[in-house]
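What follows is a short report on a single structure.
The values are calculated or read from the model by the stated rules, or taken from the named source; none is laboratory data. Here the structure is a predicted model, which is why all the values come from computation and not from measurement. Heads up, the Cβs are rebuilt from the backbone with ideal geometry, glycines too, and the neighbour counts pull from every protein chain shown. Accessible surface is based on the protein model in full, side chains and every heavy atom, while ligands, DNA and RNA are left aside. Shrake-Rupley method; radii C 1.70, N 1.55, O 1.52, S 1.80 Å.
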Amino acid sequence: QILFALADGVARITLNRPERLNSLTDVMRGEISRALDEARASAGLRGVVITGAGRGFCAGQDLADRKPLPEGQRRDLSEGLRTGYRPLMERLRSMPAPVVCVVNGVAAGAGMSFALACDVVFAAESAKFVQAFSKIGLVPDMGGSWFLPRLVGEGRAMGMALFGETLTARQAADCGLIWRCVPDADLQQTLDEVSATLAGAPTLALAATKQALRASGGNTLMQQFDLEAELQRAMGYTDDYLEGMRAFAEKRPPRFTGR
Ligand code: LHQ
């Protein structure tokens, strides 16, 4: 239910159930988790790019992917979160290399949380974001209730989550929910360019940058100074820093190897 390709150190994961707007099934979650494992274990990983096939990015949980219960019976929904969603999210969030999401169409419910869990999000102008949870009487999951207030502040997060109104990609970019909204016609080019950027990036520095930004929420400024010093110390010994300094002196673009 997904496509997986690894080229020039960049893993590309494409959600591939276009007829169901790439809504998430147990099988699909397992496949994404295994793809993330394979990417992480591959030698010299420089980045991960996630996108969707067809007109949607991901419509959240596939609401038909479960055995129907006898009339009147109710279900414990936490089980799927613990056994399916959480293992996937743990893999995604602990990926040292940058994870970029290229949202090609609607991202709803857990599909929106999935996109927001990535480090950087690009979206096609026609893509839409919707906190679909409240519309079916549920709460944001897959980390959505954690990501939203951090990305856009509590006021906007509450508005989005309580009312479940649809946001355009432009609105999402304007309020800082995502990094960039790009014209539909440029989406494939964006995907290719971002893959090339990741393939030529100072990968260790980007991993350390993620680590620093992520730690900042739980650190005091003094603790963050310590962390920055520790990370910068490590970066000072990398090949990429040497190359970066050389390239600067020689007035040429750097050729980073990710080491
Ligand atoms: C779908 C889905 C879908 C199945 C479209 N499932 N078929 C939940 C429960 C339990 C445990 C753990 O966590 C969660 C987390 C969640 O993610 S809750 C939120 C689940 N998602 C939603 O409620 C979104 C439902 N979908 C929609 O509201 C719309 O489809 C959106 C706004 C995403 C797109 O609207 P349209 O562009 O108008 O497309 P459409 O509605 O016509 O959908 C196309 C087809 O895809 C359609 O099937 P059909 O046979 O009529 O062509 C939909 O039924 C199917 N589809 N989402 N989540």
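Worth pointing out:
- Those residues of region 154-193 which are basic (K, R) and more than 20 Å from R12 (Cα to Cα), in sequence order: R156, R170
- Inter-residue pairs, beta-carbon under 7 Å, first small (G, A, S) and in region 127-150, second assigned to a strand (DSSP E or B), 6+ apart: A127/F57; A127/V103; A127/V106; A127/A107; A132/A108
- The one condition in (1) within 13 Å of the ligand (Cβ to nearest atom); (2) closer than 23 Å to S195 by Cα that L45 fails to fulfil: (1)
- Against the conditions (1) without any contact (Cβ under 8 Å) to a residue 24 or more places away in the chain; (2) more than 25 Å from G200 (Cβ to Cβ), A41 satisfies every one except (2).
- Selection of strands (runs of 3 or more DSSP E) fully inside region 1-90 by the criterion of at least 2 residues being surrounded by fewer than 18 Cβ atoms within 10 Å (Cβ to Cβ) returns 2-7.
- Residue that is farthest from the ligand (Cβ to nearest atom), among those in region 104-144 that are of a type in the set (V, I, T) and open to solvent by 30 Å² or more (accessible area, probe 1.4 Å): V120
- Top-ranked residue in region 208-250 [being open to solvent by 40 Å² or more (accessible area, probe 1.4 Å) and of a type in the set (S, T, Y); ranked as farthest from P98 (Cα to Cα)]: T220
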